[in-house]
Amino acid sequence: MKVFVIGIAGGVGHRLAKALIAKGDDVSGPVRRPEQIDALAQDGVPSFQGDFLAMSIDELARAMAGSDAIVFTAGAGGKGGAAATTAIDGEGPGKLAKAAIEAGIKRFVLVSVFPEAWRERHMNESFEHYMVQKKRAEIDLVQSDLDWVILRPSALTNDPGTGLVDLGLAQVHHEITRDDVAATIVDLLETPKISRIILEVTGGSTAIGMAVEAVARSAAKP
């Protein structure tokens, strides 16, 4: 399998790329700075210099040509203000979806966010704008003709992965490691029965492979 990753230098994207390569899959994706190429190469992760925001849809389609799937894990991360959040988190997935259609790629996994994430913390206006943009991206993907999966992880941590999650249509918001999110995406990519569905994932008590299999069985029911 060949996977085109947007956000390949990020916390989830980098882990996902390494996990896919370890399984023998091919991975590629754009990064904005040359030093990111070198850093990724040290882990055996190939990338190329490019800014998906600046690239045209045609350019993106050519870059992803031959891929079997697209995974969008990028995020503004609060940098660059509301404009950056709108461009990356809100408009970015829709732009990539158009490029995927042009390139003839159907499978598209979008890493989104729990809708009630950190609501108990009474987040500021910037965070609320981020949530609005994430929902906008989900809508763009759901309205496309792609073979999409939207994965909403709970609050992300850099702790070592546990291999255990709770995965389903609706979960209670807790925390999940970036390792476990990446591992869940790997299994989703390898499970074509899971398609055109929005899933929520958080740290839990079920092995990732078993959790994905359970969703696949449920999706196969008439």
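The values are calculated or read from the model by the stated rules, or taken from the named source; none is laboratory data. Everything numeric in this text was worked out from a predicted model, so none of it was measured. Every residue, glycine among them, receives a Cβ derived from its backbone with ideal geometry; neighbour counts consider all protein chains shown. Keep in mind that these areas ignore ligands, DNA and RNA; they rest on the heavy atoms of the full protein, side chains included. Shrake-Rupley method; radii C 1.70, N 1.55, O 1.52, S 1.80 Å.
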### Task
Select from Gly11, Gly81, Gly29 the residue whose mean-square fluctuation is largest in a Gaussian network model of the chain (Cα-Cα springs shorter than 10 Å).
Gly81
#### Entry: Calculated [θ] (222 nm, deg cm²/dmol) that DSSP helices of n ≥ 4 give over the chain, each run adding -39,500 (n - 2.57)
-12000 deg cm²/dmol
### Message
Run the simple label-point estimate for Ala155 and Met55 please: 7 Å along Cα→C-beta, distance reported in nm.
### Response
3.4
### Message
Once neighbouring chains are kept in place and the probe is 1.4 Å, which whole percent of the accessible area of the stretch 2-220 is contributed by carbon and sulfur?
### Response
51
### Message
Could you tell me how far the Cα centroid of the stretch 1-50 sits from the Cα centroid of the stretch 192-222, in Å?
### Response
25
### Message
Looking only at the chain, where both bridge partners belong to it, what percent of the DSSP beta bridges are antiparallel (to the nearest 5)?
### Response
20
### Query
Given (1) 62, 39, 29; (2) 41, 40, 36; (3) 54, 44, 28, which label gives Cα extents along the principal axes in Å as computed from the coordinates?
(2)
### Query
How many Å² of accessible area per residue for the stretch 57-103, probe 1.4 Å?
40
### Summary
Candidates Ile101, Ile70, Ile88; GNM for the chain (alpha-carbon contacts under 10 Å) flags as most fluctuating Ile101
### Stretchable slack from Ala65 to Ala220, in nm (0.36 nm times residue separation minus alpha-carbon distance)
52.8 nm
### Task
Compare Leu169, Leu96, Leu151 in a GNM of the chain, Cα atoms joined below 10 Å, and give the one with the largest fluctuation.
Leu169
### Task
Let me have the relative contact order for the stretch 24-73, percent, based on Cα pairs under 8 Å that are six or more residues apart.
31
### Task
Report the relative contact order of the chain, percent, no decimals, based on alpha-carbon pairs under 8 angstrom and at least 6 residues apart.
18
### Message
Assuming 0.36 nm per residue, please report the length gained on full extension of the stretch Val132 to Glu213 beyond their Cα-Cα distance.
### Response
26.1 nm
